[in-house]
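A short write-up of the structure that comes next.
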Amino acid sequence: MRRPVITVLVSTLAFAVGMTDPTAASDAAASDVATRLVAAQRAAIAQAPGLLATRSELAAEAAAYRLEAASGSPYVEWQSEGLSGSGRQANATDYLRLGTPFNLPGQIGRARALVRSAGGWVGDAVITADLTVAAETSRRWLAVAVAVEREALSSARLERLDAALNLQEARYQLGEIAGTEVRQLDLEHVGESSRLASIRGELAVAEAALHELCGDDCGEVRHGDLESLVAASRTPEGSSVSDDVLAAGPLLRRSASEAELARNAADLIAATAWGRAEVEAEWERVPAVDGMPSFDAWGLRVSVPLPVGAAGHRQRELARARANQASAELEASWRQVRRSLAEELAVADGAAARLRALEPALGELDFTDHSLAEQFRLGAISYLAYIDGLSRFDRIIEQAIDARLALVGARLELAVLLGDPLIFPLPEIAACEED
């Protein structure tokens, strides 16, 4: 009998809210939460001390690879012969030599490939490092958002218990109920107060963890942000994520560039296993001796290593092992990324299904809450039925909070995996290649 009345009330409320264009309000809230979240991510990237250390380490490793690709430094050598304690002998001869090691034709291409791959690897590694900080910031931001939602839920429940307890105490004073009913409701109030204090402690911890990354530039995390973030993100279609899309993601791109760098380094090691060639030009000054005039002589020396010797063979074995290791690690990265993609898509789909199942109940929670409170105020239900109703009410909201967290958390991991800010709000991160 009450269903038509409920339908009319809900329809009227929906019409009234529709006059304010709820879709536009939802879009504005989604845009606002995405803007604040990305600002916190950018602040964390700009302030994170670990990133500076990572960039310095990457620069050092890239410099080491460029050093390995370089053939060596030129040198100058002066040699003087025929010296004695009393000075130079009549036949004292002077030599001036200029020389340099150099890469042979088979080594030049490998050295250049190593330098190019080192630069690409640094660019991909910097992007991955920045994205890792942004993802960690988002995880901590979500932890704060969840704590804010739970605090709001507990605060609202405590307010309802306050009102109910005041009502019961008034009834007790009038002799309408026994003191045990007031006591039971008071115990429920005490328990919820304790829970609220615990939630606020968790919120303080979550906020401290977030501020560790982005400091005073974290911005404010507000009640309702978690729900708005669901609207600000999306789950990609599993069928649309091809191997090409996966390969373009930052994690696999870094793994691929890392494997390419290792292979190129191994190729150069194999090509230079017995050393590098060396060229030297020599000028010799021969003095006048026994009436023969002095003269200058020029010479040229070229040194080319021979591919013999156990040391060189061991170097080539090392190079082959490192190349095989790089290929195996890249294959392992592919398997890990494919598994992570399947897992996060499953989590996102499951969370979305949970939200769809909860949606009808969530749409009527305000009316149900008001109806429950009025029935208790009018004495139509007991305090036990009221507390039980409140618990059911809160469980629905808690399940919605958990489902939203699981959904946006999975979308965050998918966005990091694919490097797509359309899946979850992320800052645009530019590559930074080493020359």
Residue that is among the hydrophobic types (A, V, I, L, M, F, W, C) and either free of Cβ contacts under 8 Å to residues at least 40 places away in the same chain or more than 30 Å from Glu428 (Cβ to Cβ) (or both), where the choices are Leu210, Leu142, Leu161
Leu161
Does at least one position in the range 285-307 carry a residue that is surrounded by 17 or more Cβ atoms within 10 Å (Cβ to Cβ), modelled with pLDDT under 90 and more than 30 Å from Gln89 (Cβ to Cβ)?
no
In the range 136-168, which residue that is surrounded by fewer than 16 Cβ atoms within 10 Å (Cβ to Cβ) and farther than 22 Å from His223 by Cα is farthest from the chain's Cα centre (by Cα)?
Asn166
Residue match in the range 201-219 (condition: over 28 Å from Arg356 (Cβ atoms), of a type in the set (Asp, Glu), under 30 Å from the mean Cα position of the chain (by Cα) and modelled with pLDDT under 90):
yes
Test: Ser31 is at pLDDT 80 or above, over 18 Å from the mean Cα position of the chain (by Cα) and polar (S, T, N, Q):
yes
Taking Gly389, is it among the small types (Gly, Ala, Ser), at pLDDT below 95 and surrounded by fewer than 16 Cβ atoms within 10 Å (Cβ to Cβ)?
no
Determine whether the range 319-341 contains at least one residue that is in contact with a Phe, Trp or Tyr (Cβ under 8 Å, 6 or more places away or on another chain), closer than 26 Å to Gly119 by Cβ, in a helix (DSSP H, G or I) and of a type in the set (Gly, Ala, Ser).
no
Test Ser198 against the stated conditions and say whether it is under 14 Å from Glu149 (Cα atoms), hydroxyl-bearing (Ser, Thr, Tyr) and without any contact (Cβ under 8 Å) to a residue 12 or more places away in the chain.
yes
In this structure, does Glu176 turn out to be more than 19 Å from the chain's Cα centre (by Cα), modelled with pLDDT under 85 and either more than 27 Å from Ala152 (Cβ to Cβ) or not small (Gly, Ala, Ser) (or both)?
yes
Taking the range 77-95 and keeping residues surrounded by 15 or more Cβ atoms within 10 Å (Cβ to Cβ) and of a type in the set (A, V, I, L, M) leaves Ala92
For the range 218-231, indicate whether the set of residues that are without any contact (Cβ under 8 Å) to a residue 12 or more places away in the chain and either surrounded by fewer than 18 Cβ atoms within 10 Å (Cβ to Cβ) or hydrophobic (A, V, I, L, M, F, W, C) (or both) is non-empty.
no
Of the residues in the range 42-76, those that are among the small types (Gly, Ala, Ser) and either crowded, with 16+ Cβ neighbours inside 10 Å or outside any helix (DSSP H, G or I) (or both) number 9
Give the number of residues within the range 267-298 that are under 60 Å from the mean Cα position of the chain (by Cα) and of a type outside the set (A, V, I, L, M).
8
Let me spell it out: the conditions are (1) crowded, with 19+ Cβ neighbours inside 10 Å; (2) touching an Asp or Glu at 6+ places or on another chain (Cβ under 9 Å), and Thr100 meets all of them except one. Which number is the exception?
(1)
Inside the range 299-318, can you point out the residues that are outside any helix (DSSP H, G or I) and within 50 Å of the chain's Cα centre (by Cα)?
Val304, Pro305, Leu306, Pro307, Val308, Gly309
Tell me yes or no: at least one residue of the range 324-333 is touching a residue at least 40 places away in the same chain (Cβ under 8 Å), farther than 29 Å from Gly106 by Cβ and of a type in the set (Gly, Ala, Ser).
yes
With respect to Ala323, determine if the residue is modelled with pLDDT under 95 and more than 30 Å from Arg253 (Cα to Cα).
no
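The values are calculated or read from the model by the stated rules, or taken from the named source; none is laboratory data. Keep in mind that this is a model prediction, so the values were computed, not measured. Glycine also receives a Cβ, built like all others from the backbone with ideal geometry; neighbour counts cover every protein chain displayed.
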